[in-house]
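Read the structure below first, then the notes.
The values are calculated or read from the model by the stated rules, or taken from the named source; none is laboratory data. Treat the numbers as computed from the prediction; the structure is a model and nothing was measured. Note that we place each Cβ from the backbone using ideal geometry, even for glycine, and neighbour counts take in every protein chain shown. These area figures cover heavy atoms from the full protein model, side chains too; ligands, DNA and RNA do not enter into them. Shrake-Rupley method; radii C 1.70, N 1.55, O 1.52, S 1.80 Å.
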Amino acid sequence: MAKSPQPQGKLYVVRHGQSAGNVLRDHAEANGKDLIALNNRDADTPLSPLGKAQADALGEWFAALPDSVRPDTILSSPFIRAHETAAILAKKLGVAEAAIEVDERLREKEFGILDRYTRKGIENKYPELAAQRSMVGKFYFRPPGGESWCDVILRLRSVIDGIRLTRPDCRVVVVGHQVIVNCFRYLLENMREDDILAIDAEGDFPNCGYAEYDVQKGPPVTFTLRHGRFVAPTLEAVDVTTESDVPAGPR
């Protein structure tokens, strides 16, 4: 008698919609400014009107998927732009907003004293740090008071372990940030530094784009890449943006 296949889950790792910070960052860079004109904490930066439309379009795409792959669980960074994206997805999917699980391990990479500075501003204000980053590389460089990519990867390992242990049958959406998406890919696809930096060099990850994995219960629980940089057709009908997160320099 043929053995029944093990239940399969899904994992969608989503970057939040365009934020007001993305817009201000572009303005600062275009005008040669040293600082991005944010009047609030990075954690409190909301979605732009376009970002809300992007999240709405992605939610429509998810809601139209077959039952077998439609998301049923949402994890979110606590940052406002990510949680707003998650809330819009939840509404489209018929998931109660109160059921969104906010996890601080999914927060944006911390930039320390370089927060809000453009690349030009970092070079002008902290030339020694700009030189150090150039020598060390973005994967290992840790700005004072901030994090390296390795630090982000360390905190994400336990998030993935939690999905393996408690949600292998679920269809999980993780809503985070650009570095979060890249670091998930690094871990789930067993990459090395050069591998993920080559992907990063291809360009900024699209707002409300996602990486998609099939999750096989096992044992062991495995993650198989389905799409590394997917943009839903519904999103293309709104507008696809790929701005860097705030701040621009040490991402």
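Data for the structure
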{"quantity": "The stretch 1-21, residues that are at pLDDT below 75 and either loosely packed, with under 11 Cβ neighbours inside 10 Å or under 19 Å from the mean Cα position of the chain (by Cα) (or both)", "calculated": "Met1, Ala2, Lys3, Ser4, Pro5"}
{"quantity": "Evaluation of Ala64 against (1) more than 23 Å from Ala232 (Cβ to Cβ); (2) hydrophobic (A, V, I, L, M, F, W, C); (3) exposed (fewer than 15 other Cβ atoms within 10 Å of the Cβ) (one fails), failing number", "calculated": "(1)"}
{"quantity": "For Pro78: the one exception among (1) within 20 Å of His177 (Cβ to Cβ); (2) within 17 Å of the chain's Cα centre (by Cα); (3) crowded, with 19+ Cβ neighbours inside 10 Å", "calculated": "(3)"}
{"quantity": "Any strands (runs of 3 or more DSSP E) falling wholly within the stretch 168-251 and containing at least 2 residues that are open to solvent by less than 10 Å² (accessible area, probe 1.4 Å), touching a residue at least 24 places away in the same chain (Cβ under 8 Å) and aromatic (Phe, Trp, Tyr)", "calculated": "210-216"}
{"quantity": "Qualifying residue in the stretch 121-134 (condition: of a type in the set (Phe, Trp, Tyr) and either touching a Ser or Thr at 6+ places or on another chain (Cβ under 8 Å) or without any contact (Cβ under 8 Å) to a residue 40 or more places away in the chain (or both))", "calculated": "yes"}
{"quantity": "Test: residue in the stretch 7-17 that is part of a loop (DSSP other than H, G, I, E, B), out of contact with any strand residue (DSSP E or B) (no Cβ under 8 Å at 6 or more places or on another chain) and within 30 Å of Gly218 (Cα to Cα)", "calculated": "yes"}
{"quantity": "Of the criteria (1) out of contact with any strand residue (DSSP E or B) (no Cβ under 8 Å at 6 or more places or on another chain); (2) closer than 17 Å to Val172 by Cα; (3) assigned to a loop (DSSP other than H, G, I, E, B), which one Asn39 fails", "calculated": "(2)"}
{"quantity": "Output for the stretch 22-39, where each listed residue is over 19 Å from Lys125 (Cβ atoms) and modelled with pLDDT of 80 or more", "calculated": "Asn39"}
{"quantity": "Qualifying residue in the stretch 79-93 (condition: at negative phi and part of a loop (DSSP other than H, G, I, E, B))", "calculated": "yes"}
{"quantity": "Members of the stretch 115-144 that are among the acidic types (Asp, Glu), assigned to a helix (DSSP H, G or I) and surrounded by 14 or more Cβ atoms within 10 Å (Cβ to Cβ)", "calculated": "Glu123"}
{"quantity": "Filter result for the condition that a residue is hydroxyl-bearing (Ser, Thr, Tyr), free of Cβ contacts under 8 Å to residues at least 60 places away in the same chain and open to solvent by 30 Å² or more (accessible area, probe 1.4 Å), over Ser158, Ser148", "calculated": "Ser158"}
